[in-house]
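The values are calculated or read from the model by the stated rules, or taken from the named source; none is laboratory data. Computed from a predicted model, the values in this text were never measured in an experiment. Here the Cβ positions follow ideal geometry from the backbone for every residue, glycine too, while neighbour counts run over all protein chains shown.
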Amino acid sequence: MRIIRMPELKAKVGNSESKIYVLIAEKKFPPPVQLGGNAVGWIEEEVDAYIAGLIAKRDETLAHAEASNPAVKRGRGRPRNPPPGSGNPNS
């Protein structure tokens, strides 16, 4: 088991410190553990599970989008607009 501190946590999840604390307050992110005094840290396995949950949610959303619209390609999230002047009446 490994405890990570805020600088590493921010780099790992890509969120600011304030956003992390908002997610904790909303019960959407693992809470910190008290290390002594004012020092806190996060259990790396819990953070990894949070990230895995985000990936699973993304994959579920993409699978649903692909099932309902075959034009949606994995990794894009939505079909790309054709370039201007390509015959698209909306351009």
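For the criterion of being modelled with pLDDT under 95 and either of a type outside the set (Gly, Ala, Ser) or touching a His at 6+ places or on another chain (Cβ under 7 Å) (or both), PRO84 passes.
Output yes when any residue across the range 56-79 is under 30 Å from ARG5 (Cβ atoms), modelled with pLDDT of 85 or more and not in a helix (DSSP H, G or I), and no when none is. The answer is no; no qualifying residue exists.
Assessment of the range 27-45 against the conditions (at pLDDT 95 or above, among the hydrophobic types (A, V, I, L, M, F, W, C), closer than 21 Å to ILE55 by Cβ and in a loop (DSSP other than H, G, I, E, B)) yields at least one matching residue. The residues in the range 7-22 that are among the aliphatic types (A, V, I, L, M) and either at positive phi or surrounded by fewer than 15 Cβ atoms within 10 Å (Cβ to Cβ) (or both) can be counted, and the count is 2.
Summed over the range 36-47, the residues that are under 14 Å from MET1 (Cα atoms) and either surrounded by 12 or more Cβ atoms within 10 Å (Cβ to Cβ) or among the hydrophobic types (A, V, I, L, M, F, W, C) (or both) give a count of 6.
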